[in-house]
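The values are calculated or read from the model by the stated rules, or taken from the named source; none is laboratory data. Here the structure is a predicted model, which means the values were calculated and not measured. Note that each Cβ is placed from the backbone with ideal geometry, even for glycine, and that neighbours are counted across all protein chains shown.
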Amino acid sequence: MAIIKKGLLPYFQFEGIEAGLDEAGRGCLAGPVVAAAVILPKDFHDKLLTDSKQLNEKQRQQLRQVIKTYAIEYAISEVDHETIDRINIYKASVLAMHRAVDQLKIKPDHLLVDGNRFISYPFVQHTCIVKGDSKYFSIAAASILAKTYRDEWMENAAKKFPGYGWERNAGYPTLEHRKAVIHLGPSDIHRKTFRVELKEKV
């Protein structure tokens, strides 16, 4: 096996089909939470691929195409703001991940999930990996697909709901975004159960 840079590993267990899972938008004030599931070849390697938060937009877009080209299978799913308010953000994040797995044409034997907890997907084993998007290629790939999809979603939403700066903050609670909510009020796609406070740090 080739030497893997940055500590990322090609798989958790060699046997069976493994899918990496990650989400984007969990900490946002508006819009959906988005999840992706990615199945990569066992010998997949990319020297740039890592946690999407450690990359710039150009790098994420470059990797997005690499992942879509070389992945054995991938799927992206979203859960809207109304559902988030109804069932809470944790359950909505897991629901988005489950929906992504539902869409995979190839059924995985094992799920690698970013984070420290997960609601089991029926009849499929899973392993939670804290900071998994900086440890395993499949989770990092899922983080890239989820984030780029959601960022584009929020850029389009910014055209319909101008003034919140979503084309820059993607719905995250930056000072600009929080000030806009205070002055303009919440939009139709803001999460009503999330508090907005004007502090320098979130």
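If you take the residues of region 144-177 that are surrounded by 20 or more Cβ atoms within 10 Å (Cβ to Cβ), among the charged types (D, E, K, R) and more than 14 Å from H81 (Cβ to Cβ), which of them is nearest to the chain's Cα centre (by Cα)?
K147
So, Q65, is that one in contact with a helix residue (DSSP H, G or I) (Cβ under 8 Å, 6 or more places away or on another chain) and either at pLDDT below 95 or among the polar types (S, T, N, Q) (or both) or not?
On the way: in contact with a helix residue (DSSP H, G or I) (Cβ under 8 Å, 6 or more places away or on another chain): no; either at pLDDT below 95 or among the polar types (S, T, N, Q) (or both): yes.
In short, no.
Among the listed residues V196, V124, identify the single one that is over 13 Å from the mean Cα position of the chain (by Cα), surrounded by fewer than 19 Cβ atoms within 10 Å (Cβ to Cβ) and under 21 Å from F44 (Cβ atoms).
Working: V196 fails: under 21 Å from F44 (Cβ atoms).
Exactly one of V196, V124 is over 13 Å from the mean Cα position of the chain (by Cα), surrounded by fewer than 19 Cβ atoms within 10 Å (Cβ to Cβ) and under 21 Å from F44 (Cβ atoms), namely V124.
In region 30-40, what residues are out of contact with any Pro (no Cβ under 8 Å at 6 or more places or on another chain) and over 30 Å from K160 (Cα atoms)?
V38
Name the single residue, out of those in region 91-121 being of a type in the set (G, A, S) and more than 11 Å from D22 (Cα to Cα), that is farthest from the chain's Cα centre (by Cα).
Within region 91-121, the first condition is being of a type in the set (G, A, S), and the residues that meet it are 92-93, 96, 100, 115, 120.
Subset that is more than 11 Å from D22 (Cα to Cα): 92, 120.
On the way: A92: 12, S120: 18 Å.
Of everything passing the filter in region 91-121, S120 is farthest from the chain's Cα centre (by Cα).
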